[in-house]
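The values are calculated or read from the model by the stated rules, or taken from the named source; none is laboratory data. Everything numeric in this text was worked out from a predicted model, so none of it was measured. For neighbour counting, all protein chains shown are included, and Cβ atoms are generated from backbone atoms with ideal geometry for every residue, glycine included.
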Amino acid sequence: MSRRKTEEPTGLALYDQTARDAAAAVIAAYSTSFALACRMLGPRVRPHVRNIYALARVSDEIVDGPGAEAGLAPDAERRVLDDLETETLAAVERGFSANLVVHAFARTARECGIGEDLIRPFFASMRTDITTATHDAASHDAYIYGSAEVIGLMCLQTFVNAGAPAPVPADPDLVDGARRLGAAFQDVNFLRDLDHDAATLGRDYLGASSRDDVLARIDADLTAAAAVIPRLPPDCRRAVTAAHDLFADLARRLRRDPAPATRVRVPDPVKAALAARAWLGFSPRGARA
């Protein structure tokens with residue numbers, strides 16, 4: 001009994017583990033598809049990716065309904081978001097936060113080389129949700145970069161650097177692929193949530209862009225990402241392939257049904273088949289396959 005107790009984490013190690021568990025709980029509660037993809041990641045990178053997405057989800061919830069439901073006016077939402085950004089940057093600098101989700105992210109950021117150049121654009125896009133209702137092409141691209149592309153870049157930093165003695169920059173081709181995959185994911189979600197965003201949140205992320213133009217952009221981004229996914233580390237490749245193929249399938253369903261009665265989703269048996277295909281080591285599917 002005493003030997004087992006000595007092997008259990010204590011002090012900072014226990015706090016780190018508790019923070020990682022908190023991040024994992026956030027992801028499990030909010031996205032079954034993402035939780036499935038995370039389970040396909042190797043243990044070297046899995047907790048880091050959960051840490052990134054947990055902070056992103058908490059930040060998103062401040063401006064996407066729960067904050068307002070709690071009685072926050074837009075100015076109050078902005079202050080809460082600003083405070084979260086300030087705490088995140090400080091935690092990355094010092095290596096500790098009393099906020100468990102922030103602490104988990106900060107430990108990942110320090111190990112994997114995620115800095116202000118990626119953190120600040122993310123929070124800038126979240127603030128845009130408070131101030132901008134309708135996007136044009138320029139504001140759409142800026143929003144996509146901060147809300148989605150930088151998340152892909154953060155994940156890429158973990159793929160390249162988790163467990164390494166010191167973080168190094170990722171290959172430029174992988175950087176481009178990570179950005180384009182993140183952009184495709186976000187544009188797919190914009191199309192899926194078009195009616196909800198307009199009716200519930202009063203937002204139009206796509207502006208004057210036609211549905212066909214958005215789908216063509218998604219296809220191009222997914223194709224470009226697919227070309228470099230095989231160059232990712234082996235313990236990341238299957239999960240990213242599964243996520244890519246899931247969103248490629250969503251894009252095909254959106255193309256087939258221009259006016260769906262409900263939010264377009266991939267049936268669970270198809271999700272399982274895509275995950276199995278990725279697990280067996282197949283390359284990403286073509287965007288329009």
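Quick one: is Gly65 surrounded by fewer than 19 Cβ atoms within 10 Å (Cβ to Cβ), small (Gly, Ala, Ser), touching a residue at least 40 places away in the same chain (Cβ under 8 Å) and out of contact with any strand residue (DSSP E or B) (no Cβ under 8 Å at 6 or more places or on another chain)? So Gly65 fits the description; yes. Test Arg217 against the stated conditions and say whether it is charged (D, E, K, R), farther than 19 Å from Cys155 by Cα and either at pLDDT 95 or above or touching a strand residue (DSSP E or B) at 6+ places or on another chain (Cβ under 9 Å) (or both). For Arg217, the condition - charged (D, E, K, R), farther than 19 Å from Cys155 by Cα and either at pLDDT 95 or above or touching a strand residue (DSSP E or B) at 6+ places or on another chain (Cβ under 9 Å) (or both) - is met. Which one is nearest to Val266 (Cα to Cα) among residues in the range 16-33 that are touching a residue at least 60 places away in the same chain (Cβ under 8 Å) and crowded, with 16+ Cβ neighbours inside 10 Å? Here the residue is Ser33.
Checked against the criterion of being over 28 Å from Pro234 (Cα atoms) and modelled with pLDDT under 95, the candidates Val58, Val63 yield just one match: Val63.
Of the residues making up the range 208-233, those that are surrounded by 13 or more Cβ atoms within 10 Å (Cβ to Cβ) and of a type in the set (Lys, Arg) are Arg211, Arg217.
Filtering Arg79, Arg127, Arg120 for residues that are of a type in the set (Lys, Arg), at pLDDT 95 or above, part of a helix (DSSP H, G or I) and within 17 Å of Gly202 (Cβ to Cβ) leaves a single hit, Arg127.
Scanning the range 68-77 for residues that are surrounded by fewer than 18 Cβ atoms within 10 Å (Cβ to Cβ) and in contact (Cβ under 8 Å) with a residue 24 or more places away in the chain returns a single hit, Pro74. Residue-level check: of (1) charged (D, E, K, R); (2) at pLDDT below 95; (3) under 18 Å from the mean Cα position of the chain (by Cα), Arg180 misses just (2). Collect the residues in the range 179-202 that are surrounded by fewer than 18 Cβ atoms within 10 Å (Cβ to Cβ) and either β-branched (Val, Ile, Thr) or in contact (Cβ under 8 Å) with a residue 24 or more places away in the chain (or both), keeping them in residue-number order. Selection gives Asp193, His196, Thr200, Leu201, Gly202. Scanning the range 146-191 for residues being in contact with a Cys (Cβ under 7 Å, 6 or more places away or on another chain) and not in a helix (DSSP H, G or I) gives a total of 2.
Whether a residue is among the aliphatic types (A, V, I, L, M) and part of a loop (DSSP other than H, G, I, E, B) was assessed, and Ala248 does not pass this test.
Being surrounded by fewer than 21 Cβ atoms within 10 Å (Cβ to Cβ) and not hydrophobic (A, V, I, L, M, F, W, C) is the filter; apply it to the range 147-178 and report the residue that is farthest from Ala106 (Cα to Cα). Top of the filtered list is Asp173.
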